[in-house]
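Q: Mind looking over this structure? Questions follow.
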């Protein structure tokens with residue numbers, strides 16, 4: 001079996017975060033290097049996600065590859081990642097879209113560094129959202145993905161991009177604002 005206690009899910013997040021940092025530290029004039037960094041790290045996340053998908057035991061079911069670390073015990077907040085039969089395919093699909101998105105935007109010439117940095121930040125939030133089992137972290141990862149998504153739409157979007165980005169972001173933030181009191185209510189029970 002592949003598992004053996006290795007923190008695959010956290011490694012997936014660290015891979016996205018490292019790619020994000022590597023892109024930020026690369027000068028914007030080195031477009032070719034930024035593209036290769038993006039392809040390398042997105043390919044690594046795809047490979048890691050495929051390994052997770054193959055190693056998941058559907059006959060056993062339930063949560064697997066569990067990572068749990070107390071974060072703020074007084075409030076019951078725990079860094080708690082795991083996959084099951086529902087969120088594992090979502091992680092795999094995200095990794096496929098991530099890698100193919102990098103390859104699709106390979107010929108991008110306008111603000112390449114910014115695009116790929118924002119793309120990595122967006123995917124980091126999506127990966128975190130899909131693997132998190134703690135309500136607090138689900139909320140945090142959801143909100144992490146909103147800002148890069150807005151900028152990606154506004155800068156590189158199509159027709160009526162400002163309108164579309166603002167409307168989508170406001171709807172998502174409104175949903176987030178409605179969820180926060182529910183989380184606080186559940187946590188206080």
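Each value in this text was obtained by applying a stated rule to the coordinates, not by laboratory testing. A quick note: this is a predicted structure, and the numbers were derived from the prediction, not measured. When we count neighbours, we look across all protein chains shown, and the Cβ atoms used for this are built from the backbone with ideal geometry, even at glycine.
Q: With a/c under 1.5 counting as rounded, go ahead and sort the chain into rounded, prolate or oblate using the C-alpha gyration tensor (a ≥ b ≥ c being the square roots of the eigenvalues; past the cut-off, prolate if a/b is larger than b/c, else oblate).
A: Oblate shape, in that a/c is at least 1.5 and b/c is the bigger or equal ratio.
Q: Once you place label points 7 Å from the Cα toward the Cβ at residue 97 and residue 111, how far apart are they in nm?
A: Label-label distance for residue 97 and residue 111, simple model: 2.2 nm.
Q: I would also like to ask the following. For the stretch 164-188 and the stretch 124-154, write down the distance between their C-alpha centroids in whole Å.
A: Cα centres, the stretch 164-188 to the stretch 124-154: 12 Å.
Q: Per DSSP H run of at least 4 residues, take -39500 (n - 2.57); add these up for the chain, divide by its residues and hand me the 222 nm value, nearest 500 deg cm²/dmol.
A: Calculated mean residue ellipticity at 222 nm is -24000 deg cm²/dmol.
Q: Follow-up. Can you sort 12, 91, 173, 17 from fewest to most other Cβ atoms within 10 Å of each residue's own Cβ?
A: Placing the least packed residue first, the sequence is 173, 17, 91, 12.
Q: Could you give the length gained by full extension between residue 182 and residue 59, i.e. 0.36 nm per residue of separation minus their alpha carbon distance, to one decimal place?
A: Between residue 182 and residue 59, full extension yields an extra 40.9 nm.
Q: I need to check one value: relative contact order of the stretch 8-135, counting alpha carbon pairs closer than 8 Å and at least 6 residues apart, in percent.
A: Averaging sequence separation for qualifying contacts and normalising by length gives 37 percent for the stretch 8-135.
Q: For residue 161 and residue 50, what does the FRET efficiency come to when R0 = 35 Å and r is the distance between their Cβ atoms, rounded to the nearest 0.05?
A: My answer for the efficiency is 0.55.
Q: Using R₀ = 30 Å, calculate the FRET efficiency as 1/(1 + (r/R₀)^6) where r is the Cβ-Cβ separation of residue 79 and residue 39; round to 0.05.
A: Step by step, r from the Cβ atoms, then E = 0.55.
Q: GNM on the chain, C-alpha springs below 10 Å: top fluctuator among 155, 138, 96?
A: Most flexible of the set in this elastic network: 155.
Q: Mean-square fluctuation check for the chain, GNM, Cα pairs under 10 Å: which of 64, 30, 74 is largest?
A: The residue with the greatest mean-square fluctuation here is 74.
Q: Now a separate question. With springs only between Cα atoms under 10 Å, which of 159, 45, 104 fluctuates most in a Gaussian network model of the chain?
A: 159
Q: Let me ask something else. Shape verdict for the stretch 105-189, please, from the Cα gyration tensor: rounded (a/c under 1.5), prolate (a/b greater than b/c) or oblate.
A: Cα axes put the stretch 105-189 in the oblate bin.
Q: Right, something else. Please give the length that would be gained between residue 140 and residue 10 if that part of the chain were fully extended, namely 0.36 nm times their separation in residues minus their C-alpha to C-alpha distance (nm, one decimal).
A: Going from the current span to full extension adds 45.2 nm.
Q: Can you sort 166, 131 from fewest to most other Cβ atoms within 10 Å of each residue's own Cβ?
A: Ascending number of Cβ neighbours within 10 Å: 166, 131.
Q: By count of other Cβ within 10 Å, fewest leading, how are 10, 188, 132, 42 ordered?
A: Neighbour counts put them in this order, fewest first: 188, 10, 132, 42.
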